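Input: a single structure, listed below in structure tokens.
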Amino acid sequence: MSITEDRKGSAVLCLSVLFSSLLYFFSYPEVDPDLWGHLFFGKQILEGGNLPSQNLYSYTAPEYPWINHEWLAEVVFYALFRFFGSPGLILFKVALGGGIVWIVDRCIRKKVPSLLVRTLTLVWIMAILSPGFNIRPQLFTYLFFAVFLFLFYRYDEGKKATLYWAPPLMALWANLHGGFVAGLGAFGLFSFWTLWSGVRNRDMGPVVTQVFAPLIVSGIALLLNPYGLELLSFLAGDLLLKRPITEWQPIRILDLSFLELKLALIAVVLLALWKQAWRRWDFALALLAAFFALRYQRHAPLLAIAAARPLAEALQEIYWRIEKKSIKRVLAVGLLTVAMYQLYGIGSIHLLHGFRLVVNPHEYPTQAVDFLKRNAVNGNLAVPFDWGEYFIWKLYPEIRVSIDGRYTTAYPMEVIQDHWEWMAGGNGWRRLLERYPTEIAITKRHHPVTALLRKEPEWLYIYSDPIAFIFVRKTPSQEQLLAKFREKRLIPPQTPTIHFPG
């Protein structure tokens, strides 16, 4: 069977590969550590009818102003979970991924007529997107970023009024996730690139009315959020901060990590040298996205979207030079094999778990939480950074945490730094316990602070399992709990379900 555009077999093959890839890359059911917080905060907003203005859920910064730039996304997530459970969240994620893939295909199809090449490009893009494609507000940034690129390409195709869709989209984006900054940056680059073309062609009038006017209105539309200018001011300073978090670390150039991204970037650069694509705005945007992706891993999905069209064109050039039908047959068989493997792999996982999100018991302190609940423990709890929102969902208001994934949106840098020092067991590890009214601590078994707390006479180790240790401070507020421990009356935990919310 040869792969030609006029045969139904080619279309069926490509659609099968796209469908299997969507499920494989975008429906993996393991839960993200921030999801508990997003659902909890969305529930609080819906039930309370307002946005909490302070960090109510923490004892280290209870009066610190909280700028929730993801509030609308959290409301959407909680509404989906309330009515459809975790399967609804998985299906929503897959649908959003499918929407992004469809929009990206609309961006590349004018330049790349081959369905097979477009399929290869889209699967490649999905592979780059997938590490960051968890149920988090960033999903909306990926979607809106793709939409904005589609608007830019439509403008280039002669649809000059297209960009007037940008302001209402930007207003919505500003309430879903702070990643709207990427959209505004892309819009600015496109506008000035188009302006330069207008200067060269001595035709600047349409550029001002059709490009810069929507850009300016889009900037004003950003103020249509609950925090107004304060949100923009916060993000302007927050984006420059360094974070000792994996997704905010740079991508190492000289290893095999993020291989799909690196190969895509090489292909885009080769196209620029080959076809002088460096003269185009989308190549400049891909390079800008590459700069941020290499600096911060979490921006890799934006590079995947920005580089989609140049990557597709590079693959098209290679495909046109493959003249042997036997090679194309091998390619077709390979694609079909990949599709079958992906469907089997992800299908068996979902059959096992009933299309529900999974709480990995080797990553989350599920038994420790059950122990705290069964023994009615309450107080101020020092927690590892990536467990904070899990404890808020499970134990608030009886327990208030020291830190959680909201990071600088809800905590001052002093608290955050004290917390990193505590987790690392550094010289100032006691500051978190001494500056703030910490009564209980839960630590990861492998964290250095676990061994340090076991040596502290002021703290008593009362529980451990393969994941976590729990320590209690010898204070009057915890005397009842300590008495139960001494009298061996504490109730042991049971093993909770591994299905979300655990």
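Taken together, the values in this text are just the output of simple stated rules run on the coordinates, not laboratory data. Everything quoted here is computed from the prediction, not taken from an experiment. We place every Cβ from the backbone using ideal geometry, glycine too, and count neighbours over all the protein chains shown.
Sort the stretch 317-392 into rounded, prolate or oblate with this rule: let a ≥ b ≥ c be the square roots of the eigenvalues of the Cα gyration tensor; rounded if a/c is under 1.5, and if a/c is not under 1.5, prolate when a/b is larger than b/c, oblate otherwise. Here the stretch 317-392 falls in the prolate category. Cβ crowding within 10 Å, taken as a proxy for footprinting-reagent exposure, orders 119, 246, 141 from fewest neighbours to most as 246, 119, 141. Given +1 at the Cβ of Lys and Arg, -1 at the Cβ of Asp and Glu and no other charges, the dipole of the stretch 366-486 around its Cα centre is 340 debye to the nearest 20.
Each of 285, 429, 248 was scored by the projection of its Cα onto the charge dipole of the chain, and the greatest displacement toward the positive side belongs to 285; charges sit on the C-beta of Lys, Arg, Asp and Glu. Prolate is the label for the stretch 39-143, because a/c, from the alpha-carbon gyration tensor with a ≥ b ≥ c as root eigenvalues, is 1.5 or above and a/b exceeds b/c. Judged by the mean number of other Cβ atoms found within 10 Å, the most tightly packed of the peptides 47-55, 490-498 leads the ranking 490-498, 47-55. Looking at 412, 322, 342, which one has the Cα that reaches farthest to the positive end of the dipole of the stretch 307-446 (charges on Cβ: Lys, Arg +1; Asp, Glu -1)? The residue sitting most towards the positive pole is 322.
Listing 321, 252 from fewest to most neighbouring C-beta atoms within 10 Å gives 321, 252. Counting beta carbons within 10 Å around each of 422, 124, 102, 429 and listing the fewest first gives the order 102, 429, 124, 422. By how many degrees, between 0 and 90 and to the nearest 10, does the Cα long axis of helix 180-200 differ from the longest principal axis of the chain? Value to nearest ten degrees: 20.
In terms of the Cα gyration tensor, with a ≥ b ≥ c the square roots of its eigenvalues, is the stretch 16-352 rounded because a/c is under 1.5, prolate because a/b exceeds b/c, or oblate? Since a/c reaches 1.5 but b/c is at least a/b, the shape of the stretch 16-352 is classed as oblate. Once the Cα-Cα distance is subtracted from the 0.36 nm per residue extended length, the residue 424 to residue 160 segment shows a gain of 89.5 nm.
Distance between the modelled labels on residue 259 and residue 322, one decimal in nanometres: 1.8 nm (7 Å Cα→Cβ projection).
Run the quick spin-label model on residue 329 and residue 239: label points 7 Å from Cα toward the beta carbon, then report their separation in nm to one decimal. Placing both labels 7 Å beyond Cα along the Cβ direction yields 5.3 nm.
Each Lys and Arg adds +1 at its Cβ and each Asp and Glu adds -1 at its Cβ; summed about the Cα centre, the chain shows a dipole of about 1300 debye. In the chain, taking the dipole from charged Cβ atoms about the Cα centre, the farthest positive-side position among 173, 91, 273 is held by 273. For the pair residue 446/residue 197, report the inter-label distance in nm, with labels modelled 7 Å from Cα in the Cβ direction. Label at residue 446, label at residue 197, 5.1 nm between them.
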